[in-house]
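Reviewing the structure listed below.
The values are calculated or read from the model by the stated rules, or taken from the named source; none is laboratory data. Just so you know, these numbers come straight off a predicted model, no measurement behind them. Cβ coordinates were reconstructed from backbone atoms using ideal geometry, including for glycine residues, and neighbour counts include every protein chain displayed. We work out accessible area using only protein heavy atoms, side chains counted, and drop any ligands, DNA or RNA first. Shrake-Rupley method; radii C 1.70, N 1.55, O 1.52, S 1.80 Å.
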Amino acid sequence: MSRFFPRRITPAQVVILGFLVQILAGALLLSLPAATRTGQSAPFLDALFTATSATCVTGLVVQDTVQYWSAFGQGVILLLIQIGGMGVVTMAVAISIFSGRKIGLRERWVMQESISAPQVGGIVRMTGFILKTALVIEALGALVLALRFCPEFGLAKGIWYGVFHSISAFCNAGFDLMGEEAAFSSLTGYTGDPVVNVVICLLIVLGGLGFLTWQDVATHRWHVARYRLQSKLILTTTALLLVGGGLFFGLYEFAQPQWAGLSHGERGWATLFQTVSPRTAGFNTVDLTQLTRPALLVTILLMLAGGSPGSTAGGFKTTTLAVLFLAVLGVFRRQNGASAFGRRLSETAIRNACALFVLYLTLFLAGGLLLCCLDGIPLTDALFEAASAIGTVGLTLGATTQVSPVSQGILIFLMYFGRVGGLTMIYAMTARPGGVSSQYPQEQVTVG
């Protein structure tokens, strides 16, 4: 097992290298003639972009998945989604567990970094719990979706569509196979379908809650007071984002004239889906180009916030948002620090949240600005694409298929950064043997 994780590299470096190796391997497989419907090799940049999007569970594509890629290519994409969603290191350790190999302390340490676990103890048992729970949820989702799709597409195709969309939704990937009649149509043909809407939304939310939250719920069930502080913050913030987004889309956006063609039921389902999907799945049941500017801004904010740490979702995470809010609330209350649910947050958590937020915001704005300058894309559209990439969402206003190779490279970097995670990237790039033993003298600086 130790050969998987050499001793000279840190756990953070193992994570980023693991994702990089998977992306390159996926790109090579998608470059094979068998991966396309035409039997001709896909351009390497298209293959690389698709492999990155699948591995980073984003959903941005330059070619329609069902029209361009063959059954083999779709299978490769689904495999990349599954491994990328669960985490490369998680899958590597899982293989060792199922093969009966002994998991050493270093492998447990790397695993802790991969799933954002608070401690090394019990990490192997947690990995087994994660895999079993994920497979059960995906199987149930695939079963219900297959029952819905089989009457429409036939038995074999209906089962494949059920499996593909269940894994894609649970891993918050946003890849779909619904573009046979109209490319890049996503789930717009199911705007008012209760089965598709409910199942896809549930899979997205469950995948985005985080593995540690699952464990808390499975262990303590309705005894919320026994949950970890992190789980309490995740559940509270997720609920507030869903309620806030739902109120905005329900009371404002889908009351606009351009949605008059939707029935009241379709508007209700569209409200639910448009609230859930931006965090961070990438499916859509309505034409996003018809959204008002305020709705685009709200969608961008939801995409940046994303899901929770240790989950299949991206974004700067719900806990980061919660910690920042609590830190600001502490300033308003003139408190020394921040607290919630009877617990005080560490200064390290507050500093990390500030660093992550600034880093994501900087890359999001820089990426959007570069897309606008390089390809002449309207600024709002460019910022939307940049937020979708760094949040590993996959929603698009149509600009992704029109950008230049340089801009594709920018989106590839944003997707990779968004999936690996800001702190993991920082730790991997700034690894130092030992800590800092000295400090500069302190001097007061006035802010605000």
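Rundown of residues vs (1) closer than 21 Å to residue 45 by Cα; (2) modelled with pLDDT under 95, yes/no style:
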position	(1), (2)
314	no, yes
337	no, yes
354	no, yes
382	yes, no
385	yes, no
392	yes, yes
**Request:** Of the numbered conditions (1) free of Cβ contacts under 8 Å to residues at least 12 places away in the same chain; (2) within 22 Å of residue 315 (Cα to Cα), residue 261 fails exactly one; give the number of that condition.
**Result:** (2)
**Item:** Sole residue being out of contact with any Gly (no Cβ under 7 Å at 6 or more places or on another chain), buried (at least 23 other Cβ atoms within 10 Å of the Cβ) and touching a residue at least 12 places away in the same chain (Cβ under 8 Å), chosen from 210, 158, 141, 174
**Value:** 141
**Test: residue 276 is over 25 Å from residue 326 (Cβ atoms) and either polar (S, T, N, Q) or open to solvent by less than 60 Å² (accessible area, probe 1.4 Å) (or both)** = no
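Matching residues to (1) under 24 Å from residue 195 (Cβ atoms); (2) open to solvent by 70 Å² or more (accessible area, probe 1.4 Å); (3) part of a helix (DSSP H, G or I); (4) at pLDDT below 95:
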{"residue": "267", "(1), (2), (3), (4)": "yes, no, yes, no"}
{"residue": "270", "(1), (2), (3), (4)": "yes, no, yes, no"}
{"residue": "282", "(1), (2), (3), (4)": "yes, no, no, yes"}
{"residue": "297", "(1), (2), (3), (4)": "no, yes, yes, no"}
{"residue": "300", "(1), (2), (3), (4)": "no, no, yes, no"}
{"residue": "308", "(1), (2), (3), (4)": "no, no, no, yes"}
**Message:** Please go through (1) among the β-branched types (Val, Ile, Thr); (2) touching a residue at least 12 places away in the same chain (Cβ under 8 Å); (3) surrounded by fewer than 24 Cβ atoms within 10 Å (Cβ to Cβ); (4) more than 23 Å from residue 170 (Cα to Cα) for residue 38 and return the number of the only condition it doesn't satisfy.
**Reply:** (2)
**Message:** Can you go through 385, 347 and tell me which one is within 21 Å of residue 278 (Cβ to Cβ) and among the acidic types (Asp, Glu)?
**Reply:** 385
**Message:** When you check residue 341 against the structure, is it crowded, with 24+ Cβ neighbours inside 10 Å, in contact (Cβ under 8 Å) with a residue 40 or more places away in the chain and over 26 Å from residue 196 (Cα atoms), yes or no?
**Reply:** no
**Request:** For region 399-413, name all the residues that are of a type outside the set (Ser, Thr, Tyr), farther than 18 Å from residue 359 by Cα and open to solvent by 30 Å² or more (accessible area, probe 1.4 Å).
**Result:** 402, 405, 406, 409
**Wholly within region 18-90, helices (runs of 4 or more DSSP H) carrying at least 1 residues that are within 21 Å of residue 186 (Cβ to Cβ) and in contact with a Cys (Cβ under 7 Å, 6 or more places away or on another chain)** = 71-86
**Message:** Here's a check for you: in region 75-85, which residue that is open to solvent by less than 10 Å² (accessible area, probe 1.4 Å) and of a type outside the set (Val, Ile, Thr) is farthest from the chain's Cα centre (by Cα)?
**Reply:** 84
**Complete:** Looking across region 185-204 at residues that are touching a residue at least 40 places away in the same chain (Cβ under 8 Å) and hydroxyl-bearing (Ser, Thr, Tyr), the single one that is surrounded by the fewest Cβ atoms within 10 Å (Cβ to Cβ) is 188
**Request:** Inspect region 249-265 for any residue being at pLDDT 95 or above, under 18 Å from the mean Cα position of the chain (by Cα) and either more than 17 Å from residue 187 (Cα to Cα) or assigned to a helix (DSSP H, G or I) (or both) and give the result as yes or no.
**Result:** no
